[in-house]
1. Take Ala183 and tell me if it is in a helix (DSSP H, G or I), more than 17 Å from Val37 (Cα to Cα) and touching a Gly at 6+ places or on another chain (Cβ under 6 Å).
2. Those residues that are under 17 Å from Phe481 (Cβ atoms) and either out of contact with any Asp or Glu (no Cβ under 7 Å at 6 or more places or on another chain) or surrounded by fewer than 20 Cβ atoms within 10 Å (Cβ to Cβ) (or both), I need them from segment 510-520; list them, please.
3. Which of the following residues is surrounded by fewer than 18 Cβ atoms within 10 Å (Cβ to Cβ) and not in a helix (DSSP H, G or I): Lys218, Lys257, Lys305, Lys287?
4. Can you run down the residue pairs with Cβ atoms below 9 Å, 6 or more apart or on separate chains, where the first is in segment 514-526 and acidic (Asp, Glu) and the partner is surrounded by 13 or more Cβ atoms within 10 Å (Cβ to Cβ)?
5. When you go through (1) crowded, with 22+ Cβ neighbours inside 10 Å; (2) under 27 Å from Ser129 (Cβ atoms) one by one for Glu177, which number turns out not to apply?
6. Quick check on this structure: which one of Ile54, Ile49 is part of a helix (DSSP H, G or I), of a type in the set (A, V, I, L, M), over 35 Å from the mean Cα position of the chain (by Cα) and within 23 Å of Gln264 (Cβ to Cβ)?
Amino acid sequence: MKNFISYSIGLLFLSTTFAQNDSLQLENLYENGIKYVSIKPNTSQSNFIKALDIVNTILNKKPANSYFLLKKASILQYLCEQYRLDKEYVSGLKAIQESLRIGEILKDSSSLTTTYNQFGRLFQSKRDSLKAKKYYDKAFALLAIYPNDKEKINLLNNYSSFYIIYEDNELSKLYAEQALSYADSIHYLKGKANALAFLARYERAKKNYKKSLSYSLKNLEISSLINDKIGMERSYKNSGYAYRKLNNPKTAIHYYKKSLDLLQEMEITGRLANRYLALSNAHSDLKQHETAFSYYRLYKRQQIKDLNVKSIREFAELDIKYQYKKEKLKDSLLFVQEKKLSEAKIETLYVQNRIKKYWILFGGIGLLALFLIIYLTRTRKFAMSKQALQEQFSQELINQQEKERSRLARDLHDSVGQKLMLLSKTTKNLGDKNAEQLANSTLEEVRTISRGLHPSNLERLGLTEAINALLYDINANTDLFFTDEIENIDNLLSKASELHLYRIIQETLSNIVKHAEARAVKMNITKTTENINVTVSDNGKGFDFKSKYRNMSLGLKTLLERAKIMNAQINLNSNKGKGTILTLNIPI
């Protein structure tokens, strides 16, 4: 007998200990759920679901315990709001129906008020205005009998939201102002933030975008202060909209992205489609059509994800069943059920039809985008090919020109030059001074033309000395004052590149002599391990480079083409009255 009593006492002690552990774990999970409601909704939801499992276990042992029943009702109310945010309306309806059943059993006014409020929000999200208003009115009637300041502020904000959706802006403003006043009087910051959000929406509807932005930024300040990330996200979205309407799409994009980042961080999928569309519109304002299209595509994909046909049907059926159980009128029950199911089927067909339209639209846009990409790619390739052919032709023309000049130079030197030399000796032997002088001057002129056609100094003296000889020749025959600093650059380039560099310098100096009206010329040629750098500058009259570039002369075109042949970078800088500077950077 003593053993039996000891065993019974032991069992009682263990059961009491387990019950205390369950209660303690339930309270911890419940408090953590509330803690993360506005910060990490998924973490909050996970805590509430675990808390719901524990409270159900406790209630299986103590089904009439009012404390745990009210705790369960509160958990279900929080879960309903979280399901609503993620557009999981069926789960939300199941949760709030169970909360209502508990509230009606216990006749607890506070629980019923919150439950009616949540019912209204749920049906408002489903765009069922009649039912939303019906449940808000029930909550308001209870508050008139059993006042609750915070719940009253929440309800006033819900009314404001309801009326702005159904386009009664003045009523929306009235309720939001009342909510703001009550929230200020009891220092309820979250209620105040929500009221500011609805006032921002009111001003937006009235197209007072500056005032709307002001309310949104105040809302953001308070939401940040209480670390309400859901409120912050809404503030970013409303601020972005206001900035866009104020013709500041760049700032709008900044706020929209912050809104999108918070939604993704909190894993709230129900609002993503709206943010993608907002970003698409803002990028479109900036003519950033490719980025706009990518966001629009994300918007359409998210819309299709949100269109859960099965969920629509289940929500309608669940709501019908619950109403029938309460009314207990069989004849009326069948009639209404058939009517509601018929409406659900019609809505299902409508949604399916919309999905088909979306796929057709996406297919058309996809094909159009594909054809556009192919067209742009082919056009670009054609333009590049045409440009390459033009460059090849120009370079080939210059090379052929040099070959022809070399041939002419050789012919003049070997044929005409030799004959003139013979003529000079003959006239000297004859003693005809005038004929001899004419023959000598003609010979010298032919030699000058020959050197101009093909610089023989380049082959005999090397590139560096050929350039020095060119400078000496121009210095001797003009009034120009030359300053030069030329490093030895022999054998650093191919023979063809040496010729092109010599020609560029020759053409540049010729242009200075003919057109610049300069008094002084400065030339620097330096070398590094990787490059040869050439700078030629004068203090002449200069010219309008932009105008000159539009009507480019043959000489300037030839300079640019020779630089391209050497893979060199050439830059010509000139302004009227400020002289001209040519810089050339040639890779070794």
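The values are calculated or read from the model by the stated rules, or taken from the named source; none is laboratory data. Given the structure is predicted, the values throughout are model-derived calculations rather than measurements. Glycine gets a Cβ as well: all are built from the backbone with ideal geometry, and neighbour counts include every protein chain shown.
1. Judged against the criteria, Ala183 is a match.
2. Val513, Glu517, Arg519, Ala520, listed by residue number.
3. Lys287
4. Here the result reads Glu517/Gly540; Glu517/Lys541, each pair linking segment 514-526 to a residue that is surrounded by 13 or more Cβ atoms within 10 Å (Cβ to Cβ).
5. Every condition holds for Glu177 apart from (1).
6. The conditions single out Ile49.
Listed here are the residues, each with its yes/no results for (1) surrounded by fewer than 17 Cβ atoms within 10 Å (Cβ to Cβ); (2) modelled with pLDDT of 90 or more.
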{"position": "Ile489", "(1), (2)": "no, yes"}
{"position": "Ile504", "(1), (2)": "no, yes"}
{"position": "Thr508", "(1), (2)": "no, yes"}
{"position": "Lys522", "(1), (2)": "yes, yes"}
{"position": "Val536", "(1), (2)": "no, yes"}
{"position": "Met552", "(1), (2)": "yes, no"}
{"position": "Ser574", "(1), (2)": "no, no"}
{"position": "Gly577", "(1), (2)": "yes, no"}
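Table: residues versus (1) more than 21 Å from Leu52 (Cβ to Cβ); (2) assigned to a helix (DSSP H, G or I); (3) β-branched (Val, Ile, Thr).
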| site | (1), (2), (3) |
| --- | --- |
| Thr115 | no, yes, yes |
| Phe119 | no, yes, no |
| Leu122 | no, yes, no |
| Arg127 | yes, no, no |
| Lys131 | yes, yes, no |
| Lys134 | yes, yes, no |
| Lys150 | yes, yes, no |
